[in-house]
Structure formats: structure tokens, C-alpha cells
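First comes the structure, then the notes that go with it.
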Amino acid sequence: MFLINGIEWKIEFVHGTNNNLTRSDGSISLAVTDWNDKTIYVSNKPKGAYLRKIIAHELCHCFCFSYGVSMPIEQEEFMADWISKYGTDLIYLLDYLMAGIQRGAAV
């Protein structure tokens, strides 16, 4: 269980044929974020870096739901993909820059 903006969410790993992995358009996905259940359903097949990318993508949806961010689904998917690909680099760079700023170093 984890909190985003005071809302409890959970991650549930399910078999790849589980109905919870069916998207609104009827296609099957490796992961689906369900606002009603406050659950990220993830296939139990992906591992390692690929699983990390999938969960980062789904967390983006959780943040949108939890903060009431509404946008066309295509735009939300683009943002979630961007976060899953580059979000870690962004945060690491931010931490590095902030450490330098706090030390008074020129960045």
C-alpha cells in the first residue's frame, strides 16, 4: 500500500490473462491502473528494468487520478511513457543539482 495525495493505492500482481488487465478499449495490457479499485494491476510476467518502466508508467496515472489532473488519454499516455523512460534521470539530476545548490557550488 502507498499514498498519493492522501489516497491509498496498492499494486497487485496478476496472471497475464486476468480480466483486470483488460483496458477500456478491450485490449489486454501488461498493467492497468484502476481508479475505482485504487489498484495498479500488473502482469506477473515482466521483470527487472522492464517492470520498473511499467510501474513508473502506471504511477503517472495514479498521480493524475489522485490530483484530479484531467487530459486527453493520448496526452496522458504520452506523459506516462515519457516519465517511465526519463523520469529517473530527471530525479537523479535534480538531486545532484540541489546538493550542489545547498553546498553553494556553482551549477
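We did not get these values from a lab; they are worked out from the coordinates using the rules stated. Keep in mind it's a predicted model, so treat the numbers as computed, not measured. FYI the Cβ positions are ideal-geometry reconstructions off the backbone, even for glycines, and counts take in every protein chain you see.
Listed by first and then second residue, the pairs linking a residue in segment 1-20 that is of a type in the set (Ser, Thr, Tyr) to a residue that is assigned to a strand (DSSP E or B), with Cβ atoms under 8 Å apart and 6 or more places separating them unless they lie on different chains, are 17/28. Selection of first residues in segment 33-61 that are farther than 16 Å from residue 19 by Cβ and of second residues that are part of a helix (DSSP H, G or I) and of a type in the set (S, T, N, Q), restricted to Cβ pairs under 7 Å at least 6 apart or on distinct chains, gives the following pairs, ordered by first then second residue: 53/84; 56/84; 57/84.
Scanning segment 67-86 for residues that are surrounded by 17 or more Cβ atoms within 10 Å (Cβ to Cβ) and of a type outside the set (A, V, I, L, M, F, W, C) yields a single hit, 84. Taking first residues from segment 85-107 that are among the β-branched types (Val, Ile, Thr) and partners that are surrounded by 10 or more Cβ atoms within 10 Å (Cβ to Cβ), the Cβ contacts under 7 Å between residues at least 6 apart in sequence or on separate chains come to 107/97; 107/100; 107/101. Note on segment 1-43: residues that are surrounded by 13 or more Cβ atoms within 10 Å (Cβ to Cβ) and either outside any loop (DSSP other than H, G, I, E, B) or in contact with a Phe, Trp or Tyr (Cβ under 6 Å, 6 or more places away or on another chain) (or both) total 22. Within segment 60-80, being in a loop (DSSP other than H, G, I, E, B) and either among the aromatic types (Phe, Trp, Tyr) or at positive phi (or both) holds for 67, 68. Restricting 101, 55 to residues that are surrounded by 10 or more Cβ atoms within 10 Å (Cβ to Cβ) and within 19 Å of residue 30 (Cβ to Cβ) narrows the list to 55.
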